[in-house]
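The next block holds one structure in the form of structure tokens; read it before the comments.
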Amino acid sequence: MSSVVSRRPFDDGLRRLLQFLAIRPEVTVERLAFYVAAFFTAFCNGAFFRAVAATGALHGASGWAVALSLALMIGALNMLLLCLLLNRWTVRPVLTLLIPVTAMAAHFMSRYTVYLDPDMLRNILHTDGKESGELLSVGMLPSLLWLGVLPTLAVWRVRLKVRPIGRAMLVRLGCIVLSLLVAGGAMMASFQDLSALMRNHKELRHLITPGNYIVSLVRVARHDGARHQPKTPIGVNAHVVGRDPNAKPRLLVIVVGETVRAQNWGLNGYGRQTTPQLRDIGPINFTDVTSCGSATEVSVPCMFSPFGRAHYDEDRISHTQSLLNVLDHAGIGVQWRDNQTGCKGVCEGLPFQSFEHARDPQACTAEGCLDEVMLHGLADEIARRPGDQVVVMHQLGSHGPSYSKRYPERLRRFTPTCETADLGDCTREQIVNAYDNSVLATDDFLARTIRFLAEQSSRETAMIYLSDHGESLGENGLYLHGVPYAIAPDTQTRVPMVMWFSPGFAADRNLDVDCMKRESHAPASQDNLFHSVLGLMQVQTPEYDRKLDLFDRCIAPG
Ligand SMILES: [Zn+2]
């Protein structure tokens, strides 16, 4: 009797535990996706939220709103991702892979502050077994168990409630639309803070899990795939026609500008003289020029491609050779000098020199170099090769948000200036002042380039300057650039373009510079660059379209 009494509580407990374990709740795929999305957001993004807090973005009255907007946005994007990946057949295998990998990613990011960008993914995928083995440690077992194994077991434990296919598709569509609305709404609610945060700390996106490693994996796969796939050649039979073999060789410098917008360009009639040196030189200034994109990654490949904005296709552009390859095929020497983050595929297979980490005491500090560094050693480079040459110089220009780092002290003419990358801490006036000073630095660089070209006695010389895209300086609460092209404001898509020709070059080419100056108020765009340079350099190739050649009307035949 007494033994029965003492055993009863134990039996009860065991029975209840068994009953609990026997529970197999029934859920729909959408509900399961919702739980997993919430789980990822709450438990696997610690490194992200800590990094956001470290920027100071969560301080102050709006801090909570920013945190909430970020959590909602990440949650909704996770939900969107899962809605696209999961259905009644894939839900278990996909989550069995996704949850433990996400748990491990969260562990490494928290512990080592690893940013899971494509380079990091490439590192992980390409390391050998020994190195990968060193990453696995006993220390990660608790996280793997708690964040990886238990949730995965739960996914296998639940019973899936299956809807008729038509209704299932309708519900799924609703989930996708709702996720997009929540993500968009959360972003708009704190747009100014969030856009500033993600611009100033671009690297933060590589901490948003699991989106970071999934996007990076796709990018690595696409990029590596594309790398094995040679670019489609164009202009392979291109050649220079109608040129006296005894004429002086030509040197054309194309300056690819950065983030200079047409509105703040002194030569365009801006209220401030931001181009005093060019004003004194008097080059051809195009006043109505549109960019192909609102970001470097779009504009630079586009302006060197035969397709342009008119036939814009990112994949086609990145898989096709550029203007520079056509010039190379025509026997013209080509080189790319870069004070930025590379030529974006435009100069693949051609001579490339980066000045990003140059150590030139005159032009460089620990934080980078002024663009004039690209002129150092240029004369020697040019002298090494006979014949016509086209040299591209890719500027750092007015790249934000640290405009105050883009000019030397002697060009700090408009004051007071914004001295921080955190534009939210500056007044509009300070931001515009710093930006305008950076435009003065481009004016200075172009004037130096023109003076350099004017001194070259062994060549006929010319320069074309074209900025890649503009910049928002607080108009309508927008800063920086990169707004999707269709909705990008004029400040991001109107750019300056300037051309200069030595008298010898103009005479050699029968180019009427006054005619060019008269034509320079007509609308033009980055789509004109490809065809105008081919026309100017007398390159004959089927890709050349005379209608897009800006020089065509001002070159006398013969
Ligand atoms: Zn750019």
Which one of these is more than 19 Å from the chain's Cα centre (by Cα) and under 30 Å from Asp388 (Cα atoms): Arg410, Arg428, Arg448? Arg448
Looking only at region 440-478, count how many residues are out of contact with any Gly (no Cβ under 8 Å at 6 or more places or on another chain), under 23 Å from Val298 (Cβ atoms), at pLDDT 95 or above and within 16 Å of the ligand (Cβ to nearest atom). 1
Those helices (runs of 4 or more DSSP H) lying entirely in region 243-344 with at least 1 residues over 23 Å from Cys515 (Cα atoms) and away from the ligand (no atom under 16 Å from the Cβ): 276-281, 314-318, 323-329
Within the bounds of region 521-529, is there any residue that is charged (D, E, K, R), touching a residue at least 60 places away in the same chain (Cβ under 8 Å), over 19 Å from Ile254 (Cα atoms) and assigned to a helix (DSSP H, G or I)? no
Go through region 394-423 and count every residue that is out of contact with any Phe, Trp or Tyr (no Cβ under 8 Å at 6 or more places or on another chain) and within 16 Å of the ligand (Cβ to nearest atom). 6
Which listed residue is within 16 Å of the ligand (Cβ to nearest atom) and not small (Gly, Ala, Ser), from His521, His481: His481
Return yes when Leu440 is more than 26 Å from Arg553 (Cβ to Cβ) and touching a helix residue (DSSP H, G or I) at 6+ places or on another chain (Cβ under 6 Å) and no when it is not. yes
What number of residues within region 225-237 are touching a residue at least 40 places away in the same chain (Cβ under 8 Å) and either under 28 Å from the mean Cα position of the chain (by Cα) or closer than 23 Å to Arg337 by Cβ (or both)? 7
In region 349-378, which residues are of a type in the set (D, E, K, R), modelled with pLDDT of 90 or more and either surrounded by fewer than 17 Cβ atoms within 10 Å (Cβ to Cβ) or more than 16 Å from the ligand (Cβ to nearest atom) (or both)? Glu372
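This table checks each residue for (1) within 19 Å of Ser472 (Cα to Cα); (2) in contact (Cβ under 8 Å) with a residue 40 or more places away in the chain; (3) charged (D, E, K, R).
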| position | (1), (2), (3) |
| --- | --- |
| Leu267 | no, yes, no |
| Tyr270 | yes, no, no |
| Phe286 | no, yes, no |
| Pro301 | no, yes, no |
| Ser305 | no, yes, no |
| Arg309 | no, yes, yes |
| Glu314 | no, no, yes |
Restricting to region 354-404, count the residues that are within 28 Å of Leu534 (Cα to Cα) and assigned to a loop (DSSP other than H, G, I, E, B). 11
Six or more apart or on different chains, Cβ under 6 Å: which pairs go from a residue in region 478-494 that's touching a residue at least 12 places away in the same chain (Cβ under 8 Å) to one that's within 14 Å of the ligand (Cβ to nearest atom) and of a type in the set (Asp, Glu)? Could you list them? His481/Glu471
Which residue pairs have Cβ atoms closer than 8 Å, lie 6 or more positions apart in sequence or on different chains, and pair a first residue in region 495-520 that is within 17 Å of Leu466 (Cβ to Cβ) with a second residue that is crowded, with 16+ Cβ neighbours inside 10 Å and among the acidic types (Asp, Glu)? Val495/Asp468
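Just to be sure, is Phe551 away from the ligand (no atom under 16 Å from the Cβ), surrounded by fewer than 19 Cβ atoms within 10 Å (Cβ to Cβ), touching a residue at least 40 places away in the same chain (Cβ under 8 Å) and not charged (D, E, K, R)? Spell out the reasoning first.
Values: away from the ligand (no atom under 16 Å from the Cβ): yes; surrounded by fewer than 19 Cβ atoms within 10 Å (Cβ to Cβ): no; touching a residue at least 40 places away in the same chain (Cβ under 8 Å): yes; not charged (D, E, K, R): yes.
For Phe551, the condition - away from the ligand (no atom under 16 Å from the Cβ), surrounded by fewer than 19 Cβ atoms within 10 Å (Cβ to Cβ), touching a residue at least 40 places away in the same chain (Cβ under 8 Å) and not charged (D, E, K, R) - is not met.
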Is it true that Glu460 is in contact (Cβ under 8 Å) with a residue 60 or more places away in the chain and touching an Asp or Glu at 6+ places or on another chain (Cβ under 7 Å)? yes
In region 485-496, how many residues are more than 15 Å from the ligand (Cβ to nearest atom) and either crowded, with 19+ Cβ neighbours inside 10 Å or outside any helix (DSSP H, G or I) (or both)? 1
List the number of the failed condition for Val255; all other conditions in (1) over 28 Å from the mean Cα position of the chain (by Cα); (2) under 22 Å from Met537 (Cα atoms) hold. (1)
Among the listed residues Ser525, Ser532, identify the single one that is among the small types (Gly, Ala, Ser), closer than 25 Å to Val298 by Cα and in contact with a Gly (Cβ under 8 Å, 6 or more places away or on another chain). Ser525
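The values are calculated or read from the model by the stated rules, or taken from the named source; none is laboratory data. These numbers come from a predicted model, not from an experiment. Heads up, the Cβs are rebuilt from the backbone with ideal geometry, glycines too, and the neighbour counts pull from every protein chain shown.
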